[in-house]
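The values are calculated or read from the model by the stated rules, or taken from the named source; none is laboratory data. Treat the numbers as computed from the prediction; the structure is a model and nothing was measured. So basically every Cβ, Gly included, is an ideal-geometry build from the backbone, and we count neighbours across all protein chains shown. When the accessible area is computed, the model is the full protein with side chains, heavy atoms only, and any ligands, DNA or RNA have been set aside. Shrake-Rupley method; radii C 1.70, N 1.55, O 1.52, S 1.80 Å.
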Amino acid sequence: MRKTLRGVLSLAVLIGTVSATGASAGAATAAVPAEKQSSGSVSSGESSSEDIKDRILAIPGMSLVEEKPYPGYRFFVLNYTQPVDHKRPSKGTFQQRITLLHKDTNRPTVFYTGGYNVSTNPSRSEPTQIIDGNQVSLEYRFFTPSRPAPADWSKLDIWQAASDQHRVFKALKKIYSKNWITTGGSKGGMTATYFERFYPKDMDGVVAYVAPNDVVNKEDSAYDRFFARVGTKECRDRLAGVQREALVRREPLEKKFEAYAAENGLTFDTVGTLDKAYEAVVMDYVWAYWQYSMVADCDSVPADAPNATDQEIWDSVDGISGFSAYADQDLGTYTPYYYQAGTQLGSPDIEQPWLGNLSRYGYQPPRSFVPRSIPMKFQPSVMRDVDNWVKNNARHMLYVYGENDPWGAEPFRLGKGARDSHVYTVPGGNHGSKIAGLVADEKANATAAVLRWAGVAPATVEADPAKAKPLAKFDARLDVRDDELKRNRTLRP
């Protein structure tokens, strides 16, 4: 069962040495984190005569890759020395890539996690725009170049990743002493949630977008119910027709696929055969459409698939699913995701009854997309633990979902133990849903909550949340993240 929860410098200080000497910010630690900071915490201020870059690089284990200019900010690409195993920090280190969009140490900070590679170009997450703050972005461990060598894949789990984030926070909190909010979308939203579960005293708030929550990996009927009602019947019928034709015409379209693979140098050693790769792409088609598109986009889907040309069927599938998705060249980039999906995160399996008996392999499990040299064993208790924790312990946690996003079929839900936490859904929204897309009252309440948690809510907003709006003006270069949404056209969150 495959679930697609689908942006180097020298070693500055050995982690073991830092731990042994008790050196502060760079020391490896899995200890209980410091208490959450109130909105009145003391700031280091911008009055220091020392340049911010020098202050950052004074952190043990921190090194500069490059600085890029951007009006109103300083933007740094950094490497930070992390232990491969936070439980045994003396057993080796690796360099983890970080970016820092610096505005002012007197402003709050957003800790952004995408769950994959980190972009090395300046950008702002929505919460960063809302609070007009700094932003620290972290590359997820084992996504290159942030991968230990040699790679011990048993050290790729949600606790180790949360501990990476905890160490970065502890190191930078000494400089950025105002409130911190963690955020991320999809796998990044999951990452933000796991960080809060393991280190609940670090952050002052969590904003998780379109975060899947696969509590029981073997129970996926929620997805089948979703696909039976999403959008309009006309749109569902169009998509089903194209997907079915792509399997009916497997022979001629696979010849096109062979030519396409040869032209682009694609190989299929991991998945096994071109046939398996072809079917995996086709099986993603309906899911990928709803993940990235809107009901209005259905006009671009062939209305009469049986009478469409082979090229029309090919173009529709390629444009939505992407025929390179299960080639070694693409899978290599996302091996850490598939490994996690097959060991802890889980992966969805849907019936797609409109295909009849045309599928030879069904939804292939994550194991099919990870080299056989990497051992995998699923741990069913991990997601149950997180789900239970969120229901009973959520504090200052905000979840935003899209009504038409398949990943929202299994969302995080709040229980009686939750406090000042919220779950909202964007009407007609897809996997790119944001606070800005919510209905007016929910948008205002969500924005007010983020401002409040960050400690920067104006008095007018404290008195009337309906007046809440982002503190920073929209910046077309910093705030548009469509490249991130379209990065993965296949079933990866």
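Remarks
- The distance between label points at ASP475 and SER381 comes to 4.6 nm (points 7 Å beyond Cα on the Cα→Cβ vector).
- Rolling a 1.4 angstrom probe over region 368-453 with all protein chains present gives an accessible area of which 49% lies on carbon and sulfur atoms.
- DSSP bridge analysis restricted to the chain gives an antiparallel fraction near 50%, rounded to the nearest 5.
- Shown in residue order for region 190-203 are the 3J(HN,Hα) couplings computed by the Karplus curve 6.51 cos²θ - 1.76 cosθ + 1.60 at θ = phi - 60°: 4, 4, 4, 5, 5, 4, 5, 5, 8, 10, x, 9, 6, 9 Hz (x for Gly and Pro).
- Normalised per residue, the volume of the convex hull around the Cα set of the chain (Å³): 147
- Protein accessible area in region 181-233, 1.4 Å probe - carbon and sulfur %: 57
- Long-range amide H partners of GLU410 with built H, under 5 Å: ASN213
- Carbon plus sulfur fraction of accessible area for region 256-336, probe 1.4 Å, in percent: 47
- Our summary gives region 388-463 a relative contact order of 29 percent, counting only alpha carbon pairs under 8 angstrom and 6 or more residues apart.
- Anisotropy class of region 339-442 from Cα gyration tensor, a/c 1.5 cut: oblate
- By accessible area with a 1.4 Å probe, ligands and nucleic acids excluded, highest first: order of VAL295, VAL400: VAL295, VAL400
- At full extension, LYS201 and GLU351 could sit 49.9 nm farther apart than now, given 0.36 nm per residue minus the alpha carbon distance.
- Accessible area per residue, Å², the chain with all protein chains present, probe 1.4 Å: 39
- Compared with the alpha-carbon gap, the fully stretched path from LYS87 to ASP310 is longer by 74.8 nm at 0.36 nm per residue.
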